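Shown next, in structure tokens, is the structure this report addresses.
The values are calculated or read from the model by the stated rules, or taken from the named source; none is laboratory data. Not measured: the values here are computed from a predicted model. Here the Cβ is made from the backbone with ideal geometry for all residues, glycine too, and neighbour counts use every protein chain on show.
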Amino acid sequence: MPTPLHILIVEDSEDDTQLLLHALKKGGYEPLFERVDSGSDMEIALARRKWDVVVADHNLPHFSALKALDLLKENGYDIPFFIVSGSIEEDLAAQAMQAGAQDYVMKNNLTRLCPAIERELREVEVRRDRKRAEDTVEHQAHYDLLTNLPNRTTFRDRLTVALAQTGRNRKMLAILFVDLDRFKTIVDTLGHTIGDKLLRGVAERLRASLEEGDTLARMGGDEFVILLPQINRADRAVRVAQRILEALKPPFHFDQH
């Protein structure tokens, strides 16, 4: 079964486009394509959908592969870019590769294109897997795994910023500490699974009691802390505390408990 391939083709020749599509189909791909021949049309196409690869003719009447590559990089797209040309001088080919093109293929030897695309798609997946892993590690360093709330480190950073702003703006901030009485008894009698569900449920109710710009963090165990930055009057902290008490009054129901 052919592999679907979303390909943006930067080309002014319909005949050359058909030759390119034929080579892709012969190489086992089902090309889902759009053809553009100007920078403005390329920008629109890039914004309209997600592309697997971009293939560009080296020289167009009002555009070029190098300009297309610049446009791709300027907009932060990580998409494999290939140049297909009837003729290209070695120094221009080297310049294109240095600018970030993955490969260049001559129009009289399109059999090289599909293996090159396959190779680069594997590389893209490796880069994306690495980026996802790095993002996960970064997130875990700053957020609590159970509740997805900011952790102690993130709270300290936000408190530092809030203190600096308070000093400049001559406003106040408030910090509220919340912990759950007899939480250990719940864990000892009903188990950690119920305890974890309770912590997540409490976190949701606490979050719903706050306003945009407030910070709710889990400090560990059954302890939460709330930062109210840039407040004009202390009674706002009292109102938030009252909302929290009201929010926690209804019983939590987990697994028939």
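Quick look at the numbers
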quantity	calculated
Extreme residue, nearest to the chain's Cα centre (by Cα), among residues of region 38-78 that are hydrophobic (A, V, I, L, M, F, W, C) and part of a strand (DSSP E or B)	Val53
Per-region count, region 129-153, residues touching a residue at least 24 places away in the same chain (Cβ under 8 Å) and not in a loop (DSSP other than H, G, I, E, B)	2
Residues satisfying the stated conditions in region 211-226, i.e. aliphatic (A, V, I, L, M) and over 26 Å from the mean Cα position of the chain (by Cα)	Met219, Val225, Ile226
Residue within region 89-100 that is more than 20 Å from the chain's Cα centre (by Cα), in a loop (DSSP other than H, G, I, E, B) and hydrophobic (A, V, I, L, M, F, W, C) present	no
Residue check for Val126: farther than 26 Å from Asp15 by Cα and without any contact (Cβ under 8 Å) to a residue 12 or more places away in the chain	yes
Conditions (1) farther than 22 Å from Ala141 by Cβ; (2) modelled with pLDDT of 95 or more; (3) assigned to a helix (DSSP H, G or I); (4) not aromatic (Phe, Trp, Tyr): number failed by Pro250	(3)
Residues (small (Gly, Ala, Ser), surrounded by fewer than 16 Cβ atoms within 10 Å (Cβ to Cβ) and in a loop (DSSP other than H, G, I, E, B)) located in region 191-215	Gly191, Gly213
Residue among Val161, Val105 that alone is of a type outside the set (Lys, Arg), touching a strand residue (DSSP E or B) at 6+ places or on another chain (Cβ under 9 Å) and under 30 Å from Ile244 (Cβ atoms)	Val161
Checklist (1) within 28 Å of Asn232 (Cβ to Cβ); (2) surrounded by fewer than 16 Cβ atoms within 10 Å (Cβ to Cβ) applied to Asp188, failing item	(1)
Some residue of region 138-158 being within 26 Å of the chain's Cα centre (by Cα) and small (Gly, Ala, Ser)	yes
The lone exception for Ala237 - which of (1) small (Gly, Ala, Ser); (2) surrounded by 19 or more Cβ atoms within 10 Å (Cβ to Cβ); (3) in a helix (DSSP H, G or I) it fails	(2)
Arg128, sole failed condition from (1) loosely packed, with under 14 Cβ neighbours inside 10 Å; (2) in contact with a helix residue (DSSP H, G or I) (Cβ under 8 Å, 6 or more places away or on another chain)	(2)
Where Asn59 falls short, out of the listed (1) at pLDDT 85 or above; (2) among the polar types (S, T, N, Q); (3) within 18 Å of Lys107 (Cα to Cα)	(1)
Some residue of region 66-80 being among the charged types (D, E, K, R), under 25 Å from Arg119 (Cβ atoms) and buried (at least 18 other Cβ atoms within 10 Å of the Cβ)	no
Region 168-185: number of residues that are surrounded by 15 or more Cβ atoms within 10 Å (Cβ to Cβ) and closer than 19 Å to Asp255 by Cβ	2
Conditions (1) under 30 Å from Leu206 (Cα atoms); (2) at pLDDT 90 or above; number of the one not met by Gly167	(2)
